[in-house]
1. Can we say residue B:286 is in contact with a Cys (Cβ under 8 Å, 6 or more places away or on another chain) and crowded, with 16+ Cβ neighbours inside 10 Å?
2. Residues that are within 23 Å of residue B:72 (Cα to Cα) and in contact (Cβ under 8 Å) with a residue 60 or more places away in the chain: find the strands (runs of 3 or more DSSP E) completely inside region B:340-454 holding 2 or more of those.
3. Name the residues in region B:413-434 that are within 21 Å of residue B:195 (Cα to Cα) and among the hydrophobic types (A, V, I, L, M, F, W, C), would you?
4. For region A:122-137, how many residues meet the condition of being more than 7 Å from every other protein chain (Cβ to nearest Cβ) and either surrounded by fewer than 22 Cβ atoms within 10 Å (Cβ to Cβ) or part of a loop (DSSP other than H, G, I, E, B) (or both)?
5. Would you be able to say whether some residue in region B:75-96 is modelled with pLDDT of 90 or more and crowded, with 20+ Cβ neighbours inside 10 Å?
6. Kindly indicate whether residue B:310 is within 14 Å of another protein chain (Cβ to nearest Cβ) and crowded, with 18+ Cβ neighbours inside 10 Å.
7. Is there a residue in region B:224-242 that is under 20 Å from residue A:128 (Cα atoms), surrounded by fewer than 19 Cβ atoms within 10 Å (Cβ to Cβ) and polar (S, T, N, Q)?
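The values are calculated or read from the model by the stated rules, or taken from the named source; none is laboratory data. None of these values were measured; they are calculated from a predicted model. All Cβ positions, glycine included, derive from the backbone under ideal geometry; neighbour counts span all protein chains shown. Surface accessibility is based on the protein's heavy atoms, side chains included, excluding ligands, DNA and RNA. Shrake-Rupley method; radii C 1.70, N 1.55, O 1.52, S 1.80 Å.
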Amino acid sequence: MKLKISLVIGVAVMLVAAACGGGQPEPVAPAIDSTAIKDSIARAEARRRAYEDSVARARAEEERLRSEREEAARREAAMTAEVRNMLGTMIHFDFDKSAVRPGMDTDVLQSKLALLQANPAVSLEIVGNCDERGSDEYNMALGMRRATAAKKWLTDRGIADGRITVKSMGEENPIDPAHSEDAWTKNRRDEFNLTAGGAKLVKPAGM
Amino acid sequence: MMRRTATTALVLLLLPLAGLAAQDTVPPVEQGVRIGITYTPGLRPGMMVLGGSRTGAVDSVRAILGRDLDLSDRFEMISLPAGDSVVLGISGRQEGSPAMGDAPLFVNYSLHAALGAEYSVAVLPTADPLGLVVALYDVKGEAERQRFNVTVTDPADERFRLAVHHVADELVRAAVGEPGIAASRLLLVSNGRLYRVDADGAALTAVTPAGETIFSPTWDPTGLRAVYTVLSEGWGKIVVRDLVRGTATTVKPTATELNYTAAVSADGTWLAFSRSMEEGTDVYRYNLQRDCCLERLTVGRFSDNLSPTFSPDGRQIAFVSTRAGGQQIYVMSTDGTGQELFAPFDYGVTGNSNAPEWSPDGTQIAFHRDVVGSPQLFLMNVRSRVVRQLTSYGRNEDPTWAPDGRHLAFISDRTGRRQVWTIDVESGRVRQLTTIGDARLPAWSPRIQMVIQP
């Protein structure tokens, strides 16, 4: 564009200069190399197109990178939510007992173990609960035993002691307030809450 | 022949003399007075509250006194067949007549005695519209035993009710030698909130604001402060609340961790409680008066120790321990030494025992024990260690002693919902105290001292 304008101004100046020649002898107009001008216009055009192409390519690249990042963030958030869910899965207990039961409950603890190892910034709080039977006050102590049993299972397998705190709510916080065997089974549980490091969580390979 | 007949006649004559002579050798009966005491357990003196004027607060006072005397379980309450329509008041005295004491009153003692009363109580107006007299008559002795003055404020005012309850307790003391329990209250937890209720079931009032979750309440020895745990997100702090002023303070070392089952010694010095941590649950004590000096009394390692209760002499603490496997009642000195089994049990057979409470006279421990899966109330004699079962119907747990050492309040679900019930340990009489939605963890106060409001 600039080249064009300069060219036009140049030509105009030359014409004006030629027109305002006055009493001077008419200068000989230099030979206009129209081919050269056409060439340089063409080259300018080419350069402009190349410039625009590169801008477009850069934008496309940016676009691609951005959508890739968004996709990654979505995957990350989904994984964090999934891991958070897995870390929050409860385990359950037999009546008047605080021993971790082999089978489904140890499987749940096993997956928590792997997740804790893969996410060293994570801290957990384990809260023990009881069903409504038994002495109200003793159930506070029993709930604490249930929380401690789950913590011990994890620390025995290498998780640092300071990453897990234990608490109890006795029979004060039932999930199901009904007075049935079914409700009681649901209420005898440990709950797991994240207390730190929950912003970004990863699943270990193979999970 | 003659001589033998004469001899026989002489002998026959002499026989009665011999009999008389024998009489002369018996020492004469001494004149005097014999005093003896006959103890008939279960037999209670008859008590009658006299009807009469229904003006003003007289009727309220009469009703409150009658119920308090009945609830003491120490009398056979005599109610008249036609109720208040038969006025057995003090005859010869007009309503609104000059103040009492002007002229001797006529009390129909023989009529009261015929109705079975050994004591009768009259509530009488005085010239002062705000004043009443409560008089206790000894029917057998045919004399007035004692009289009390009551100033009537608003019958709905709780201080008025407390004053009348104090009179009822003094009536019991005048009749049987020990004061009653009417001037006392109970704390209980319902839907997570702390309530208090009078010993006659009246005036159920919330003590804590909604939104706080309350656990294991107890009283301080004055009956003016409640001590309880506030639960929050898996931890619990112990709070002392002044019920008169409404102020509450946290016991300093309990601001963190899970602290509960508070108990205060009878002299108010020590607070004992349990704390649950990762290492287990153990009993601690703290000097409330000096606000210092937290000590751990039990070292559980693999067992739990909780629910401490002080002996009234302050020398021992009974508590629950799982050191033998299940939950059973143990005892130790107040400094933690000398821990030993208290309530005997058969390993593997006896159910879990929990929630012990030492009686105010120091002779018994009340607790609950699982029997075929349901908790029942038990008593243990401290000296003989003999254990006896008190209840068998429904689920009965968490006993707490009344200040007379013969009534217990506890939680029973025998009506379908958990409510506070009371039992008289000597007569076995059982009564329902509350009718609110759901009641737990009751605590009976000592006799409440009268407080002069500033």
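1. Details: in contact with a Cys (Cβ under 8 Å, 6 or more places away or on another chain): yes; crowded, with 16+ Cβ neighbours inside 10 Å: yes.
So residue B:286 fits the description; yes.
2. Details: elements: B:353-358, B:364-371, B:374-381, B:387-389, B:396-401, B:407-412, B:419-424, B:430-432, B:440-444.
By residue number, B:407-412, B:419-424, B:440-444.
3. Within region B:413-434, B:420, B:421, B:423, B:433 qualify.
4. Taking region A:122-137 first, the residues more than 7 Å from every other protein chain (Cβ to nearest Cβ) are A:122-126, A:128-134.
In the following step, the residues that additionally are either surrounded by fewer than 22 Cβ atoms within 10 Å (Cβ to Cβ) or part of a loop (DSSP other than H, G, I, E, B) (or both) were identified as A:122-123, A:125, A:129-134.
Residues flagged as more than 7 Å from every other protein chain (Cβ to nearest Cβ) and either surrounded by fewer than 22 Cβ atoms within 10 Å (Cβ to Cβ) or part of a loop (DSSP other than H, G, I, E, B) (or both) within region A:122-137 amount to 9.
5. yes
6. In short, no.
7. Yes, some residue in region B:224-242 is under 20 Å from residue A:128 (Cα atoms), surrounded by fewer than 19 Cβ atoms within 10 Å (Cβ to Cβ) and polar (S, T, N, Q).
Each row is one residue, and each column tells you yes or no for (1) within 25 Å of residue B:220 (Cα to Cα); (2) more than 14 Å from chain A (Cβ to nearest Cβ).
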position: B:354; (1), (2): yes, no
position: B:365; (1), (2): yes, yes
position: B:380; (1), (2): yes, yes
position: B:387; (1), (2): no, yes
